[in-house]
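Below is one structure, written out as structure tokens; the observations come after it.
Since every read-out is calculated from the coordinates, none of them should be taken as a lab result. All values reported here derive from a predicted model rather than from experimental measurement. Cβ sites come from the backbone with ideal geometry, for glycine too, and all protein chains shown count toward neighbours.
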Amino acid sequence: MTEIFGVPIQALFGQLMLGLVNGSFYAVLSLGLAVIFGMLNIINFAHGALYMTGAMLAWIFLEYLGVGYWWSLVLAPICVGLIGIVIERLMLQWLYKLDHLYGLLLTFGLALMIEGLFRDLYGVAGQPYSIPEELSGAFNLGFMFLPKYRAWIVVASLTVCLLTWYMIEKTRLGAYLRAATENPKLTQAFGINVPLMVMLTYGFGVGLAGFAGVLAAPASQVGPLMGSNLIIVVFAVVVIGGMGSILGSVVTGLGLGIIEGMTKVFWPEASATVVFMIMAVVLMIRPAGLFGREK
Amino acid sequence: MSRRVSIAYLIGLGLLLLAPMFIYPILVMKVLCFALFACAFNLLLGYTGLLSFGHAVFLGSAAYVTGHALKVWELPTLLGLLAGTGAATLLGWAIGSLAIRRQGIYFAMVTLALAQMVFFLFLQAPFTGGEDGLQGVPRGTLFGLDLADDINLYYLVLAIFAGSFWLIQRTIHSPFGQILKAIRENEPRAISLGYDVAKYKLLAFVLSAGLAGLAGATKTLVFKFATLTDAHWHTSGEVVLMTLLGGMGTVFGPVVGATVIVTLQNELADKVGSLVTVIMGAIFVICVLAFRRGIVGESLALYQRMIGQKNR
């Protein structure tokens with residue numbers, strides 16, 4: 001078997017692929033965080049919990065209603081988005097005039113509530129969710145076997161990121177959105193319903209988290225705790241990349257996923273901490289983040 | 001300290017001196033440890049305006065170091081406490097000097113992420129005992145007093161708490177504390193007045209981390225163990241909640257908040273099981289939405305309004 005630096009090439013590519021998969025999740029989640037932060041100036045701590053909610057909903061749909069993966073992939077993000085809209089209307093909208101930290105605290109409380117509820121209902125243990133038939137099995141690439149589902153995660157995530165980028169940068173709605181981010185008062189004076197856009201932005205941002213959750217469901221165990229550790233890594237990703245640009249968060253997310261995967265091969269003990277170490281280095285060299293601008 | 005605060009402090013101290021006659025001393029000691037933790041945290045959030053979301057890591061690291069020093073190195077109790085506090089102070093300096101490079105919301109995320117990194121290191125390091133934690137830490141003796149006796153230990157814990165509380169008040173009312181408040185209110189202005197803001201922030205962070213560490217070291221003595229829970233981000237969230245619920249930026253707020261939360265958890269733990277997290281989350285949400293000044297802050301505001309009406 002071929003080896004690179006004493007590591008079998010199959011293991012290397014396997015980890016590279018896993019890194020890409022994790023990186024795709026980082027990309028989608030940090031993108032959602034960035035979109036929400038741009039509009040609401042709130043760091044959404046509940047993002048991980050809502051990602052978990054997406055996965056749990058997919059599982060619940062299948063278990064109790066017999067709704068399959070493909071429908072869940074559409075329905076669960078919409079449900080999560082609706083939950084987000086309710087949260088925004090009932091709670092977040094009262095905080096915009098206050099210090100941004102209150103938004104973080106409120107969403108942290110929400111994260112605890114959501115996580116606690118699911119834990120109470122379904123226990124801590126993860127539930128299995130099988131890969132849909134169309135995507136089970138693997139491609140034989142000659143030098144490695146590529147599980148179809150992993151390839152699908154990367155493709156689907158990147159497509160969603162690209163669509164989001166297109167919507168924000170190239171469409172009229174996106175132009176309104178950017179205008180409202182830049183100067184909400186002036187935008188409102190031009191007759192655009194800014195509070196409505198804020199509401200939809202939050203719904204869309206957490207919908208992205210729900211989508212990532214459904215994508216993750218067949219790839220890992222579906223359990224109440226799947227979001228909480230992930231969100232802290234995503235926070236580090238956001239600090240490293242800065243929240244200035246959409247493509248920046250996608251590139252940072254993917255890149256860090258790959259670096260994490262490679263660390264698993266060459267220095268397994270550090271794989272849980274490597275993203276945080278990179279964050280520390282970035283803070284020392286470029287405090288505003290790789291793609292960020294100091295305000 | 002102002003006269004009113006001094007009187008309240010002395011009354012509180014008197015009550016605490018008598019408390020173990022009426023209440024299970026371990027519970028009071030737990031409250032005192034968390035109250036000290038929350039007071040240390042309040043020094044940072046309430047008086048400097050910095051929200052650290054990783055403060056549990058200082059509690060946890062001091063707990064481990066003290067536990068290790070007492071159990072494996074068999075150091076005297078006092079040295080063990082000092083070792084834990086010193087370790088947390090050093091860690092506070094390391095994390096603080098990185099975190100103060102960002103402001104506001106990023107500061108919170110950076111502290112959380114760095115704390116999570118240390119948490120993973122604890123999870124893997126051999127001396128922490130991984131998931132099991134460090135069990136059976138001996139309490140030892142102090143000045144010939146056997147600390148295995150709960151009442152003896154209680155008065156040591158009370159002395160630590162009262163001393164640290166006094167130190168925090170002294171800090172807040174010193175010129176240093178005034179500069180911290182100036183940074184909280186208007187950082188650019190503090191810079192334009194010629195203060196080296198980064199230095200002051202770091203010093204406040206290190207002081208807060210050290211005191212949080214002292215709380216963690218004391219906690220190890222009380223429970224005779226140190227576990228990963230102490231360093232977990234859930235604990236970081238708890239200390240934020242205690243401070244918020246009691247009233248951030250108030251003298252007694254964190255003490256009140258810690259008392260309420262610890263008592264609640266104690267009462268609810270075996271009744272509602274995992275719903276405890278939901279209740280904690282709900283308190284968080286209610287505090288942020290409707291109760292931002294906390295119990296002490298709202299009471300003070302109410303009191304002042306009544307006085308104001310009387311004078312009119």
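Just a few scattered comments:
- Efficiency of FRET from Cβ geometry, B:Thr141 and A:Asn41, R₀ 56 Å, rounded to 0.05: 0.55
- Other-chain or far-sequence residues with amide H under 5 Å of A:Val222's (modelled H): A:Gln127, A:Tyr129
- Region A:47-115 and region A:230-295: distance between their alpha carbon centers, rounded to Å: 25
- Simple spin-label estimate for A:Asn229 and A:Lys97 in nanometres, 7 Å along Cα-Cβ: 4.3
- Furthest towards positive pole of dipole, B:Ser208, B:Gly308, B:Phe58, structure part chain B, Cβ charges: B:Gly308
- Each residue of region B:26-41 was assigned a 3J(HN,Hα) from its phi angle through the Karplus curve 6.51 cos²θ - 1.76 cosθ + 1.60 (θ = phi - 60°); the sequence is 4, 5, 4, 5, 4, 4, 5, 4, 6, 5, 5, 4, 5, 5, 4, 5 Hz, with glycine and proline shown as x.
- Residue mean of other protein chain beta carbons inside 10 Å, A:261-273: 2
- In plain terms, the bigger the Kirkwood radius, the slower the diffusion; for region B:254-312, with that radius from Cα pairs, at 4 °C and 1.567 mPa s, Stokes-Einstein puts D at 97 µm²/s.
- Remark: the protein assembly as shown carries a charge dipole of roughly 2020 debye about the Cα centre, counting +1 on each Lys and Arg Cβ and -1 on each Asp and Glu Cβ.
- Chain A, relative contact order [Cα under 8 Å, separation at least 6], %: 38
- Straightening the chain between A:Asp120 and A:Phe143 buys 3.7 nm, computed as 0.36 nm per residue apart minus the Cα-Cα spacing.
- Taking every alpha-carbon pair under 8 Å whose residues sit at least 6 apart, chain B reaches a relative contact order of 32 percent.
- Distant-in-sequence amide contacts of A:Leu290, defined by a placed amide H-H separation under 5 Å and a gap of 5 or more residues or a different chain, comprise A:Gly241, A:Gly242.
- Dividing the C-alpha radius of gyration of the protein assembly as shown by 2.2 N^0.38 Å, with N its residue count, gives 1.00.
- Fewest-first sequence of B:His55, B:His234, B:His68 by Cβ atoms within 10 Å of each Cβ: B:His234, B:His68, B:His55
- Label-to-label distance, nm, for residues given as B:Lys199 and B:Asp132 (7 Å Cα→Cβ offset): 4.9
- Per-residue Cβ neighbour counts within 10 Å put A:Arg286, B:Arg305, B:Arg139 in the sequence B:Arg305, A:Arg286, B:Arg139, beginning with the fewest.
- For region B:3-311, the Kirkwood hydrodynamic radius comes to 19.8 Å, computed from all pairs of different C-alpha atoms.
- Taking 19 Å as the cut-off, no amide N atom of region A:15-51 comes nearer than this to a point 7 Å along the Cα-to-beta-carbon line of B:Ala282.
- The Cα atoms of region A:50-182 give a gyration tensor whose axes a ≥ b ≥ c have a/c of 1.5 or more with a/b no greater than b/c, which makes the shape oblate.
- For region B:3-311, the dipole from Cβ point charges (+1 on Lys and Arg, -1 on Asp and Glu) about the Cα centre works out to 1100 debye, to the nearest 20.
- Charge dipole of chain B about the Cα centre (unit charges at C-beta), most positive-ward option of B:Leu167, B:Ala258, B:Val28: B:Leu167
- Burial ordering of A:Ile240, A:Ile232, A:Ile285, fewest other beta-carbon atoms within 10 Å first: A:Ile285, A:Ile232, A:Ile240
- Evaluated with a Cβ-only charge set (Lys, Arg +1; Asp, Glu -1), chain A carries a dipole of roughly 680 debye about its Cα centre, given to the nearest 20.
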